Each structure stands twice: as C-alpha cells, then as structure tokens.
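The values are calculated or read from the model by the stated rules, or taken from the named source; none is laboratory data. Small disclaimer: the values here were computed from a predicted structure and weren't measured. Cβ coordinates were reconstructed from backbone atoms using ideal geometry, including for glycine residues, and neighbour counts include every protein chain displayed.
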Amino acid sequence: MTRSGEASPAPAGWVAAPARDFLSGMEACLADGKPANALVILFWSAVSWWIYVPAHELLHAFGCVLGGGEVTRLDISAIYGAALLKRIFPFVSVGSEYAGRLSGFSTNGSDVTYLLTDLMPFTLTVLVGIPLLKSSGSPGLSPLRRSVRFGLAMPLAYAPFISLPGDYYEMGSIVVSRSASLLVPVGPDRWRSDDLFKLAKSLAASGAGPLDVSVVAVSFLAGIAMTYATYGLGISWARLLLKERKR
C-alpha cells in the first residue's frame, strides 16, 4: 500500500517513478514562483556532485576489499580533491580521463566480489539520496529549504541512471557474460566493461558478431533492471524512514 486505501503502483508506475519524483520535487521547490530557487538547486547539486564523486570511487574500493579483493590504483580527477585524498589513501592516483575510476583492482576471480565492487557506491542512493529527494517536498519546509535539499539529493538519487552505461552495464555484464561463457568457448571478460561506448568500439574493431551484440544487449537490459531495482529499494527505505520520523 502507498497511502491509506491505495494499491501499490503497477510496474509502469515504478518505471515512471524517477521522472515523477523529479517533476514533483521541482514543483515543490518553485511553488513560491521565485526563479532564483532554480539557481539554488543548481548550486547545491554541484556541491553534492563534487563531494559524491570521490565518495563514489572510494566506495568502489571499499566494496572490493570487503569482498576479499585487492585495490592497487584509484584514479580521481584533481578537481575532486585527489591530492588530499592521496595523503590518506595511498592507492589514490591524481588525474583521470573520467571523473574517477577504479583502474587497478583484483577480485581474485570472484564475480560476487566484482558485483560488490560495482554496487557499493549505490548504497548512498538507497540510504541517503532517495530519502533526501522524497523529503524535499515536505510541507513543513520553505521553498528555499526544499531547493537546498532537492539540489543535494539529485546526484545521489539519480546516480544509477547516470551510471547506466557504466557501472550498471558492468553489473549486468558480469551476470550475463558468465552465463554466456558456460555455453560458448569465450571468456566473460570480452563483454565486461565500465564504459559501454568504449566496449562497443573495441568489439566493433575486433569484428563483433551476433553473439557479441546479443550479450551486450542483454547485459544492458539487465543493467536497466538493476537500476530500477536500486531506485525501488530506495523508495521502500525512504517510506520506512520518513514514516518513522513522523511518529
């Protein structure tokens, strides 16, 4: 049940939930008709993103170690405080072609460790981002305070969708490629990557066939399913958390 007397949303409702939450949040923030609140949202989204990027990458490293793997190199762009982080975490390297990337790690052959490495940063989405997003429309907040909260929530809450061609494709490919490798004599690493676009170019250059297209497509679909599963879990946690706060 969602509200008293209301049935749980249909699957289509879950698919539309991220867009619906964004639009309702924006409406609540701009309720007083002040365009300046949009600038407040942008500013605090930028602040949140700046903090989130290194936290995201460090959680990748933590997930790997927690699963029994080893971390040797974590690249983080200098603008996200990589030089400072390097003083604390010796495996951090300053500079990256991405905002950040775990470029040196070993899962010791464990797909469970690999999945944990990819998934760990998105605990922030479930535990913090979506509850913050949901609470930004609280009637007790002024539009300005809603805008601050909404801005802070944006990068965390929507990180899975931003990461769909990255971490979430990779998670889907871990599962699908392992299954495919049991059926054909091809190693699963051929289809695994945290950059779908770079992988597509690589496969095309090496003469991609129907099997490659099929595995990549199914991996991407699996990644989409995992993305919505993460968001749905965050909604469930937010409902529980916000209900407890009201008591």
(request) Please go through segment 138-160 and pick out each residue that is among the hydrophobic types (A, V, I, L, M, F, W, C) and crowded, with 17+ Cβ neighbours inside 10 Å. (result) 141, 148, 150, 152, 153, 154, 156, 157, 159
(message) Please count how many residues of segment 24-33 are more than 16 Å from residue 149 (Cβ to Cβ) and in a helix (DSSP H, G or I).
(response) 0
(message) Exactly one condition in (1) within 18 Å of residue 44 (Cα to Cα); (2) of a type in the set (A, V, I, L, M, F, W, C); (3) modelled with pLDDT under 95 is false for residue 183; which is it?
(response) (1)
(request) Would you check if there is a residue in segment 196-205 being surrounded by fewer than 23 Cβ atoms within 10 Å (Cβ to Cβ), touching a residue at least 60 places away in the same chain (Cβ under 8 Å) and within 19 Å of the chain's Cα centre (by Cα)? (result) no
(message) I need the full set of residues from segment 34-50 which are part of a helix (DSSP H, G or I) and either surrounded by 14 or more Cβ atoms within 10 Å (Cβ to Cβ) or β-branched (Val, Ile, Thr) (or both), in order please.
(response) 37, 38, 40, 41, 44, 45, 47, 48, 49, 50
